[in-house]
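As structure tokens, the structure follows; a few thoughts come after it.
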Amino acid sequence: MPGTASRRTVLAAALAAAAAGATVSTPASAAPRAGAPAPGRVGALSDYHGWATAPAWLSGRHEGTKLVGGFRPGITVRRPQGSVEYTDPHTGTTATWDYATWTSPSYTLAVPATEIVPSWNADTPAGTWIQVELQGTYNDGTATPWYMMGRWAAGDGDIRRTSQDDQSDGKSSIWTDTFAIDDAATGLRLVDYRLRVTLYSKPGSGAAPTVWRLGAMGSDVPDRFEVPASQPGLARELLVPRYSQNVHVGQYPEYDNGGEAWCSPTSSEMIIEYWGRGPSASDVSWVNPDFSDPQVCHAARHTFDYQYDGCGNWPFNTAYAATYSGMNGVVHRIGSLTEAELLVGAGIPLITSQSFLAKELDGAGYGTSGHLMTVIGFTEEGDVVANDPASPSNPAVRHVYKRRQFENIWLRTKRINASGGVSGGTGGVCYILWPNEATPRQRAALAAVGIR
């Protein structure tokens, strides 16, 4: 099935089992106070917070790291704090790495959360990589352990980028890229969190990673098979390149069975190219020249999570997008198509994650337990214009989906699956990608959906 990813399906099922606006014609207001859901947010069910400015980076604890100033502030290595041996579980190779760390201040969530999804933007030249961890406080006053949320490098020559299975403290667990309360019906929530990023370099190489953005989306979306319908408020379509994942079926099966399951990197590549970025001819020279759209193969390889065994790790996709000059990417959860209209109206397409039966989305022609596609516009009637990579060819990628159907399959948290049982839904998860040269209107739209 298009975009199917077995571990993502397990996550959705586990979360379902555990759980017992502004319009585009209205100018966006000024950015709200830090930590507050943006005005006009539908339901205010999620809270994204990121560290990406010089004052933000200076507010954290530096242990061998330093601020990098300029138009894109970040952190890099000042002086390694020591060295450590790391045995890559996917290659068996053991190597010694110098390291330095940065730890964020504790962030109090505006929405005490049942789920947290971190994301990051970084540069990892050859001989470097990063690790992102999360630690938080429950509303019963106890603390989580430090959970490992991703070992990541842009390339795959030094380590294999990976999530880590089997992390739990009996109250919460890590499901690939998502922190989740084990039993939300108990009322247990995460009220604050810290993020820690460790920067690794080969000793004596002189190379070092740079991290430009580190943040996380916390949310508490209630159980729901149906979501409130929003009213149309925009008619606009963005000119986004069209790529089909299905033309790559059978290509590079070592990366999640080839194009059959490449919905996430194919969608990411469409938006990366919409913003005028993409891999160079040299970057894709490893791809078989007989294959069309080698940049899609490149995206699949460079988003692949060797533990998840797939290309659908959400923050690995936004991190990949941010490897291109001046690009930013976050994993977020938004509340309605009204908010999607706000972004599209400002010229920002988004990538949405959803699951559905074939009968629940007219015109798709398939059902899926997990799939990514891009929202690029809205018709005069308010229906959704989507570039759906689960299409037979590039020209066939553009689809118009009924507004009510699309909104519900994207925003719900529970659904009836093909076997008649109950499975989970993503509750509005999306990737939002944008460039440093975003316009004031685009920045206002991002702020209005909680990204600052």
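Of all residues in region 411-421, one or more are at pLDDT 95 or above, of a type in the set (A, V, I, L, M) and closer than 30 Å to G215 by Cα.
Residues satisfying the criterion are absent from region 390-407 (criterion: modelled with pLDDT of 95 or more and under 18 Å from the mean Cα position of the chain (by Cα)). F378 falls short on exactly one of the conditions (1) crowded, with 24+ Cβ neighbours inside 10 Å; (2) under 29 Å from F179 (Cβ atoms), and that condition is (2). Picking from residues in region 421-438 that are closer than 26 Å to P228 by Cβ, surrounded by fewer than 24 Cβ atoms within 10 Å (Cβ to Cβ) and of a type outside the set (V, I, T), the one that is farthest from the chain's Cα centre (by Cα) is G421.
Only a single criterion out of (1) modelled with pLDDT of 50 or more; (2) more than 27 Å from A153 (Cα to Cα) is not satisfied by A17, namely (1).
Picking from R441, R452, which residue would you name as being outside any loop (DSSP other than H, G, I, E, B), surrounded by fewer than 24 Cβ atoms within 10 Å (Cβ to Cβ) and charged (D, E, K, R)?
Numbers: R452 fails: outside any loop (DSSP other than H, G, I, E, B).
The match here is R441.
Inside region 139-148, can you point out the residues that are in contact with a strand residue (DSSP E or B) (Cβ under 6 Å, 6 or more places away or on another chain) and either assigned to a loop (DSSP other than H, G, I, E, B) or not hydrophobic (A, V, I, L, M, F, W, C) (or both)? Result: N139, T144, W146, Y147.
Here's the yes/no breakdown for (1) closer than 22 Å to D183 by Cα; (2) touching a strand residue (DSSP E or B) at 6+ places or on another chain (Cβ under 9 Å):
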{"position": "K66", "(1), (2)": "no, yes"}
{"position": "T114", "(1), (2)": "yes, yes"}
{"position": "A126", "(1), (2)": "no, no"}
{"position": "W129", "(1), (2)": "no, yes"}
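Does region 163-182 contain at least one residue that is touching a Pro at 6+ places or on another chain (Cβ under 8 Å), modelled with pLDDT under 95 and surrounded by 17 or more Cβ atoms within 10 Å (Cβ to Cβ)? Looking for residues that are touching a Pro at 6+ places or on another chain (Cβ under 8 Å), modelled with pLDDT under 95 and surrounded by 17 or more Cβ atoms within 10 Å (Cβ to Cβ), one finds none in region 163-182, hence no.
The values are calculated or read from the model by the stated rules, or taken from the named source; none is laboratory data. These numbers were taken from a predicted model, which means no experiment stands behind them. Counting neighbours? That spans all protein chains shown, and the Cβs are built from the backbone with ideal geometry, glycine included.
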